[in-house]
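I have placed the structure first, in the form of structure tokens, so that the comments after it can refer back to it.
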Amino acid sequence: MADNTHPIRLIIHGGAGDIRRERLKTEREHAFTEVMKQSLQAGYAVLVAGGSSIDAVIAAIVVMEDSPLFNAGKGAVFSHEGRNELDAAIMDGASLRAGAVAGVTTLRNPIRAAHAVMTQSRHVMLIGQGAEAFAGEQGLEIVDPVYFFDQHRWNQLQKAITREQIALDHDMDDEAQPANDEKHGTVGAVALDRQGNLAAGTSTGGLTNKRYGRVGDTPVIGAGTYADNRSVAVSATGTGEMFIRTAAAFNTASQVRLLGKPVADAADIVLAEIAAIGGEGGLIALNEQGEYAMRFNTRGMFRGVIYDEGIAHVDF
Ligand code: ASP
């Protein structure tokens, strides 16, 4: 459907969780709003110039990866070992091509690395040092891991470790522990370009205090990220294990493509499946007509949308 007359759309999220306006200090509220608006404008600039949905998704996500506010790129949470292990994925709805990286510690913008995997390799997912070596060969920016140090994130890790120790000492199981973090600050974007092509991308630092090389849903195609022009582009955030178990992003696309569900209903059905197995989070989904959903089963989700006229709307 390459008629160049499609409406353009960009939807983003910056994570779902226990986000309460009354708890966010005004400056932080402004900061989140500002970065999300910048992200939407960066992606919009690509789309309005006739660029591809893939490039718009990258532009939008890079802005959030470069901000310390979100759990992706610069603001990534710490693993148990005190490292920042980043995951990202991207998918092109026109060709079903996809790329992902997992457990990378030196790539400033994992979403760019995921894109390089998609376009410059024969593979879909590269992990750890191999992914970093590949990204380096592709000329992507490599940073010293101290680039990702953030005192607030470090404190979150210390708290999580203390909580874990208390749970161990009292013989509580994991489920009885307070939530891993107040929110899941993963970032994601879905876009529709003038040619009518969809794309989705997601980037994260995963979960605070993760260990053993844990990887969540974000870089798993069909779990945290999926795009197919025949249905929807999807990016998710939340308790990754449950998003993997429900094949959340592909599941959403299948509800639309195979069962004919409206986009918002598809998102709700999948989030209900996730809740039924003890998970929580949210997802954004967008179809070729520009219909979209930003749904979550947590208190809030940082989210935003921009349409043809270029005004960025954000909420949380
Ligand atoms: N879904 C991500 C993960 O499990 C975390 C998040 O959304 O914040 O790695």
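The values are calculated or read from the model by the stated rules, or taken from the named source; none is laboratory data. Given the structure is predicted, the values throughout are model-derived calculations rather than measurements. Note that we place each Cβ from the backbone using ideal geometry, even for glycine, and neighbour counts take in every protein chain shown. Side chains included, ligands, DNA and RNA excluded: accessible areas come from the protein's heavy atoms. Shrake-Rupley method; radii C 1.70, N 1.55, O 1.52, S 1.80 Å.
Some points to look at:
- Region 18-125 - Rg and Dmax from Cα coordinates, angstrom: 15.4, 48
- Computed Rg/Rh of the chain, alpha carbon atoms with Kirkwood Rh: 0.95
- Annotation: amide H of ARG9 within the under-5 Å range of LEU192, sequence separation 5 or more or interchain, hydrogens built in the peptide plane.
- Straight-distance crosslink candidates among lysines, where the alpha carbon sits under 23 Å from LYS159 and sequence neighbours closer than 8 are dropped: LYS25, LYS74, LYS183, LYS210
- Backbone phi angles across region 28-38, fed through the Karplus curve with coefficients 6.51, -1.76 and 1.60 (θ = phi - 60°), yield HN-Hα couplings of 5, 4, 5, 4, 4, 4, 4, 5, 5, 5, 4 Hz in residue order; Gly and Pro are listed as x.
- DSSP-loop GluC sites (Glu not before Pro) across region 225-316, with at most 13 other Cβ within 10 angstrom: GLU309
- Put simply, the amide H of MET125, placed in the peptide plane, has neighbours under 5 Å in ALA100, leaving out anything fewer than 5 places away on its chain.
- Over the C-alpha trace of region 210-316, radius of gyration and Dmax come out as 13.6, 46 angstrom.
- To the nearest ten degrees, helix 248-257 and the longest principal axis of the Cα atoms of the chain are 30 degrees apart.
- Separation between Cα centres of region 40-114 and region 231-303, rounded to whole Å: 19 Å
- Å² per residue, accessible surface of the chain at 1.4 Å: 41 Å²
- Nonpolar atom fraction for the chain, defined as the carbon and sulfur part of the 1.4 Å probe accessible area, stands at 51 percent.
- Among THR237, LEU86, LEU10 - extreme Cα towards positive end, dipole of the chain, charges at beta-carbon: LEU10
- Under a model in which nothing but the beta-carbon of Lys, Arg (+1) and Asp, Glu (-1) is charged, region 61-128 shows a dipole of about 180 debye around its Cα centre.
- Taking Cβ atoms as reference points and 9 Å as the exclusive limit, the residues near GLY304 contribute a net charge of +1, counting Lys and Arg as +1 and Asp and Glu as -1.
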